[in-house]
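K.L.:
Here it is: the structure, laid out below.
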Amino acid sequence: MNTRKVITLLITLLTLASLILSGCAPKTTPTPAEQPTAAPTAEPVTLVYWSMWNEDEPMGQVMKAAIEAFQAAHPNVTVDVTWQGRGVRKLFTAAIDAGTVIDLIDNDTGRIALSWGDKYILGLNDYVTQPSLDTAGKSVADTIFPIILNQYITKDSGSMASVPFNPYVALWFYNKAEFAQAGIAQPPTTFEEWMAANETLKTAGIDGFTFDPDYYTDIMLGDSAQRYVGCDGLMAALTDKTGAAWQSEGIVQWAQDMEALSAYALPGTSANLYPAGQQAFALGDVATTYNGTWLPSEVAETAGPDFQWGAFSWPTVTGGVGTITDYDMGSQGMAITKVSQHPDVAFEFIKYVVSVQIQQEVVNVGYASSLVDLPWSGPIADAYPLMKNATTAFGWACNGWDSGDFFANDVIPAFNDLITGKMTADTFLATMEEKAKTNIP
Amino acid sequence: MKNDKRMIFFFLAPAVLAYMFVSIYPVLHSTFLSFFEVSSWSGSEMKFVGLGNFIELMQSKVFLESFGRIGIIWLMGGAGIFGSAFLFSALLTSGIKGKSFFRSAIYLPNLIPVVAAAAMWTQYIFNIRFGLSKNIFSALGLESLASLEWTSHTFIFWAMLIAYIWGGIGHFTLIILAGVERVPRELLESATLDGATMLQAFFKITLPLLRDVIRVAVVLWSIVVLNLFAYPQAFAQTYAEVTTPAIYLYSLAFGQTGGGAGATGAAGVVYVGRAAAAGVILTLMAALIYGVLNLVFKEEKLEY
């Protein structure tokens, strides 16, 4: 009996132990053989991605699709995404400084390379030469618009800091139906053609242009000045403590032309606060507006599916420095942080973001793709050939913001008045000359 | 039980320590930072500059102008808000029907989020093409006012001030109203019997008895104006014409708000130390205003 008791006890204990231990074990532990061979590593990896998008907006949905496609192919990798929205640009460096581990960050390529640079961002020169995900025989770098890919490098090491996935170009958007109604066959390419077109529109009872001064006076200013004196010429004026540059030939001609152009502004343009101006354009109240390739998706609901979108480059001027293929452009890019423990896996994810499969999604939601051979569709279809033929890319507002407070506090408000017909060219130039003497440190 | 005063300390300690941690510590740390040049949020790169940040701020045209701006808001906005608050308090205590409805209606603007209120004012009321102000002034035949571009950078400050007064009236009406309601009826009645007019009764009886309430309200108003941030930010965040000290502080700490999607350069540079110095200046100004107001309205215990 004693022996039977001992055996019963042992069996009970074993059964209990096996139950307890099996309960502790993971329910489904895949054996290495079950895992897909494409995985760059068999270890479970989590990539932390701080996104500049909101989950519900079109690009957020595209990023979600990229994450799903990537995770399906790499079951051992989890992309832990936080939809930070645009505010991420103010949080990112503070978060890294405070010790937050972030692997992937997306933002403006200029900001990533110049503002964050080598201190926060991993150089990608050795990565972009890897084969692209789904374009046979081409590296990642080969598939992307070179003008965008090479626009910014970090200051210290001269590295490529991000992979562009959603470029933008600042352009004049026009309402093709209104141009046709006025009898204008082609969008203007020179200042003379432009003024003639504005006059023709006026005769047809259509106002020429509008914009949102609180958001876009800076690019109106920088991108127009670029045609006359180039970004270097503008910077020279913005930093000339004597103020003499404001009486130089190119600057004077620029101001006079802008005064002439202001005659065709939609009345009340200076009172527009974003998005009033672009809404006026989408409602058909005005023939053109200066904006970026993100515009059509912002006003899609107002414009409706029948709106006939067209786009043209800022017209050039005889004797001017800028050419018709110079553009204020940039891109959103995906970068890997310096603190990432899994840069190779993170780059694998970036390959998905710039794959044909995902970039097609970008095009489908009406945004611009960074792939050279993937035409844009819908309202920005006209902008694709302009982008493809671009020869020079310059930064936001011809880099005017780099010059400091004089640009922000004196030149922008005065130009706002000039381009909306509240100030003459002579007053503008005299005011700038005067303020340059006292307000440029 | 023996009255042990040390126990008071032990019972209060958790609250006092928590308060010191969340309130006093940031003040002390900001003050500490204000003497350094700090170019990142971790404070890993700090350079002692003494009063350098304060000197830079005192030489900054933008910062000084921003104080002039809140000075105008304090004075003109204050006149608008307190004038309206007294008027509404007088009306609400005059025995009108539907008092609680009107009181709620006057307070209503405070319940609307600033961002929504700003959108309503800028995109609808002040809209140059179809706005309420245009329609009203046109109907009245005041064409010059109907065509005024309220939301252009030239007039945006005044447009914001009007909206700000609208947003602040409810709050201060409630404070003043509570004071007015405490003034004993019989004092006013006996004054009326003695032949005092309504204005005389207001200036000789109500106003003196409200002194403490007014002092508190003015202190609150001053602090609110010193820290004014949400209205200018929601109204026209890129326009220099509405920059307040708090907005300037924010742009120093987190980079320029202007510059659109792709602006680099100035947009990426942060001046944490200088922002802290601006914060210290704002704190000192608040303390100064409090001191001055305490001198102006000497505290007296009035019993009635």
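No lab work stands behind these numbers, since they all come straight from the coordinates. The structure presented is a predicted model; accordingly, all values stated were derived computationally and were not measured. Please note: Cβ atoms are built from the backbone with ideal geometry, for glycine as well, and neighbour counts cover all protein chains shown.
K.L.:
Just to be sure I understand: of the beta bridges DSSP finds with both ends in chain A, what percent are antiparallel, rounded to 5?
P.N.:
Among the beta bridges of chain A, antiparallel pairing accounts for roughly 60 percent.
K.L.:
Another question, if that's okay. Set the Förster radius R0 to 35 Å, insert the Cβ-Cβ distance between A:ALA180 and A:ASN389 as r into 1/(1 + (r/R0)^6), and round the FRET efficiency to 0.05.
P.N.:
In this case the efficiency is close to 0.90.
K.L.:
So what's the range B:99-152 giving for Rg/Rh, alpha carbon basis, Kirkwood Rh from the mean inverse pair distance?
P.N.:
1.11
K.L.:
To continue, here is another question. Quick check on the protein assembly as shown: of the DSSP beta bridges with both residues there, what percent are antiparallel, nearest 5%?
P.N.:
Once the DSSP bridges in the protein assembly as shown are tallied, antiparallel ones form about 60 percent.
K.L.:
A further question on this structure: Can you divide the C-alpha Rg of the range A:196-252 by 2.2 N^0.38 Å and report the result to two decimal places?
P.N.:
1.47
K.L.:
For the protein assembly as shown, taking Cα atoms only, what is the radius of gyration to one decimal and the Dmax to the nearest whole Å?
P.N.:
Rg, Dmax (Cα atoms, Å): 31.8, 116.
K.L.:
Quote the FRET efficiency, to the nearest 0.05, computed for A:LYS338 versus B:LEU295 with a Förster distance R0 of 60 Å and r equal to the Cβ-Cβ distance.
P.N.:
E(calc), rounded to 0.05, equals 0.60.
K.L.:
Moving to a separate point now. With 10 angstrom as the radius, rank B:LEU111, B:LEU177, A:LEU283 by how many other C-beta atoms surround their C-beta, starting from the fewest.
P.N.:
The order, fewest Cβ neighbours first, is B:LEU111, A:LEU283, B:LEU177.
K.L.:
Suppose the chain between B:ALA15 and B:VAL219 were pulled fully straight at 0.36 nm per residue; how much longer would it get relative to their current alpha carbon spacing? Let's see the in-between values first.
P.N.:
On the way: separation 204, 0.36 × 204 = 73.44 nm, distance 2.55 nm.
Stretched fully, the B:ALA15-B:VAL219 segment lengthens by 70.9 nm.
K.L.:
When the chain is fully extended, how far beyond the present Cα-Cα distance does A:ASN150 get from A:SER377, taking 0.36 nm per residue of separation? Write down the numbers at each step before the final one.
P.N.:
Values: separation 227, 0.36 × 227 = 81.72 nm, distance 2.45 nm.
Answer, rounded to one decimal: 79.3 nm.
K.L.:
I need the phi-derived Karplus couplings for the range B:149-162: 6.51 cos²θ - 1.76 cosθ + 1.60, θ = phi - 60°, integer Hz, Gly and Pro marked x.
P.N.:
8, 3, 9, 6, 4, 5, 10, 4, 4, 6, 4, 5, 4, 4
K.L.:
Would you mind getting me the FRET efficiency between A:ALA260 and A:GLN71? Use the beta-carbon distance for r and R0 = 56 Å, nearest 0.05.
P.N.:
E(calc), rounded to 0.05, equals 0.50.
K.L.:
State, to one decimal in nm, how far the label point of B:ILE24 lies from the label point of B:PHE67, with both points 7 Å from Cα in the Cβ direction.
P.N.:
Each label point is offset 7 Å from its Cα along the Cβ direction, giving 2.9 nm.
K.L.:
Two decimals is fine: what is log10 I(q)/I(0) at q = 0.07, 0.08, 0.12, 0.14 Å⁻¹ for chain A, from a Debye sum with one equal scatterer on every Cα and no solvent?
P.N.:
One equal scatterer on each Cα of chain A leads to -0.43, -0.53, -1.04, -1.30.
K.L.:
With +1 on each Lys and Arg Cβ and -1 on each Asp and Glu Cβ, how big is the dipole of the range A:204-359 about its Cα centre, in debye rounded to the nearest 20? The partial results should precede the final answer.
P.N.:
Working: 4 positive and 18 negative charges, 69 e Å.
Magnitude of the dipole: close to 340 debye.
K.L.:
Mind running the shape call on the range B:21-116? Use the C-alpha gyration tensor, a ≥ b ≥ c as the square roots of the eigenvalues: rounded below 1.5 for a/c, prolate if a/b tops b/c, oblate otherwise.
P.N.:
Since a/c reaches 1.5 and a/b is larger than b/c, the shape of the range B:21-116 is classed as prolate.
K.L.:
Assign one of three labels to the range A:82-240, namely rounded, prolate or oblate, based on the Cα gyration tensor with a ≥ b ≥ c the square roots of its eigenvalues; rounded applies when a/c is under 1.5, prolate when it is not and a/b is larger than b/c, and oblate otherwise.
P.N.:
Numbers: a/c = 2.26, a/b = 1.86, b/c = 1.21.
Prolate is the answer for the range A:82-240, as a/c is 1.5 or above and a/b outweighs b/c.
K.L.:
For A:TYR168, enumerate residues with amide H under 5 Å from its amide H, sequence gap 5+ or separate chain, H modeled in the peptide plane.
P.N.:
Answer set, sorted by chain and number: A:GLY330, A:SER331, A:GLN332.
K.L.:
Could you sort A:331-338, B:143-150 so that the peptide with the highest average Cβ count within 10 Å comes first and the rest follow in order? It would help to have the intermediate numbers written out before the result.
P.N.:
Working: A:331-338: 25.8, B:143-150: 15.9.
Highest to lowest by the protection proxy: A:331-338, B:143-150.
K.L.:
Sticking with this structure for a sec: Pull up all non-local amide H partners of A:LYS138: gap of 5 or more, or a different chain, and H-to-H distance under 5 Å with H placed in the peptide plane.
P.N.:
Under 5 Å from the amide H of A:LYS138: A:SER132.
K.L.:
Compute the projected area of the convex hull of the Cα atoms of the range B:1-68, averaged over all viewing directions, and report it in nm² to one decimal place.
P.N.:
8.0 nm²
K.L.:
Tell me which residues come under 5 Å, amide H to amide H, from B:GLY131 once H is placed; ignore anything under 5 positions away on its chain.
P.N.:
Residues meeting the amide H criterion: none.
K.L.:
On to the next question. Give me B:ARG129, A:ARG89, B:ARG215 sorted ascending by neighbouring Cβ count inside 10 Å, so fewest comes first.
P.N.:
On the way: B:ARG129 14, A:ARG89 22, B:ARG215 17.
So the residues, fewest neighbours to most, are B:ARG129, B:ARG215, A:ARG89.
K.L.:
Follow-up. Compute the distance from the alpha-carbon center of the range B:102-177 to that of the range A:375-441, in whole Å.
P.N.:
31 Å
K.L.:
Obtain the nm distance between the two label points defined at A:GLU193 and B:THR197 by a simple spin-label model: each point lies 7 Å from its Cα along the Cα-to-C-beta direction.
P.N.:
With each label placed 7 Å out from Cα toward Cβ, I get 7.5 nm.
K.L.:
In the neighborhood of B:THR93, defined by Cβ-to-Cβ distances under 11 Å, what is the net charge if each Lys or Arg adds +1 and each Asp or Glu adds -1?
P.N.:
Result for the neighbourhood of B:THR93: +3.
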